[in-house]
1. Place the peptides 107-117, 139-149, 217-227 in order of packing, highest mean first, counting for every residue the other Cβ atoms within 10 Å and averaging per peptide.
2. Using the Cα centre of the range 216-291 as the reference point, and only Cβ charges (+1 on K/R, -1 on D/E), how large is the resulting charge dipole? Debye, rounded to the nearest 20.
3. So, with +1 on the Cβ of K and R and -1 on the Cβ of D and E, and no other charges, what is the size of the charge dipole of the range 103-180 about its Cα centre, to the nearest 20 debye?
4. About the Cα centre, and with charges only on the beta carbon of Lys, Arg (+1) and Asp, Glu (-1), how big is the dipole of the chain? Nearest 20 debye, please.
5. Any idea what log10 I(q)/I(0) is at q = 0.26 Å⁻¹ for the range 103-180, Debye with uniform C-alpha scatterers and no solvent?
6. In the range 103-180, what % of DSSP beta bridges are antiparallel (nearest 5)?
7. If you restrict to DSSP beta bridges whose two residues both lie in the chain, what percentage is antiparallel, to the nearest 5?
8. Tell me which residues come under 5 Å, amide H to amide H, from R274 once H is placed; ignore anything under 5 positions away on its chain.
Amino acid sequence: MRLGTRGSPLALAQARMTVEALRARFGWARDAIETVVVQTSGDRIQDRALAEIGGKALWTKELDRALAAGEIDFAVHSMKDVETVRPDAIRIAAMLPRADVRDKLIGTESFAALPADPVVGTSSPRRAAQVRRLRPDARIILFRGNVATRLGKLAAGEAHATLLAAAGLDRLERSEVGAIIPLDTMLPAPSQGAVGIETLSGNAAMLDLLGAINDADTFDCVMAERGVLRGLGGTCHSPIAALGVLDGSAIHLRAEILSADGQETVAGEARIARGDMEAAEALGRVLLDRASPALRALFEA
């Protein structure tokens, strides 16, 4: 079988996790799965924000094409990089157990410890808005590239601080880097910390195999967060945060939308049944209904 992945160190680490999960489940030999590296537009174009050049599809379209062409049998993604609406021919078949959902602040121990008028590097509209909410004096500059590239830019003095997902640092065995940001300070991106595996909707044998390694708790919470995105109609232009956490037999779902300058935040929460996508989408619509016309316009573009 052939597993498609991007070629970044983090993507390759997540591909190895997927291979090991399948091998552990089925007792396969090491050579049962071939890893096929597919370069994506998002990897090639590093000097502009994703929102300006095509959004999250830049991480997935080449892997989608490889699936459709039969060049790979399944593909692995960071779920937060997967567009909200996927082609009918492709299905999210499984997710691995979720890692730490929180962000880390690198370069200083806290936002309060940053100097006056700090420079913070990020390519995420969500992180940029949340930083500006906490530090209105901050200047945001574009940090694109893999983890090592961004840490290198920080070490070179291009910014006072940057932000990275704790899960990615953990998977790269860089857990010592940065300070954890509490969830009450910074709610994460929808699907943060989750690894998803896709295959063709018509590939019943592959769907069955992947279903055997699916972590149902992660899958249900992440799909609820993606439901919020559908309700919002959110894009890469839109600062959105969401997190679903199991609460008994239900999901406690929190979400917020922000203006680009961080000065308007609309937050909400709901306790929904697992698999109730309509309720998840409804939370997104409630946030829009409560937003100012200027904030709502970010989601109507």
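Since every read-out is calculated from the coordinates, none of them should be taken as a lab result. It should be emphasised that the depicted structure is a prediction, and the values quoted were computed from it without experimental measurement. With ideal geometry, Cβ positions are generated from the backbone for all residues, glycine too; neighbour counts draw on all protein chains shown.
1. Numbers: 107-117: 13.5, 139-149: 16.7, 217-227: 24.0.
In descending order of packing, they fall as 217-227, 139-149, 107-117.
2. Numbers: 7 positive and 12 negative charges, 18 e Å.
The dipole magnitude comes to about 80 debye.
3. Working: 12 positive and 8 negative charges, 69 e Å.
Dipole about the Cα centre, nearest 20: 340 debye.
4. Working: 36 positive and 39 negative charges, 78 e Å.
Computed about the Cα centre, the dipole is about 380 debye.
5. These q points yield log10 I(q)/I(0) values of -1.39.
6. Values: 6 of 11 bridges.
Rounded to the nearest five, the antiparallel share is 55 percent.
7. On the way: 32 of 43 bridges.
Here the share of antiparallel DSSP bridges comes out near 75 percent.
8. Placed amide hydrogens put I251 under 5 Å from R274.
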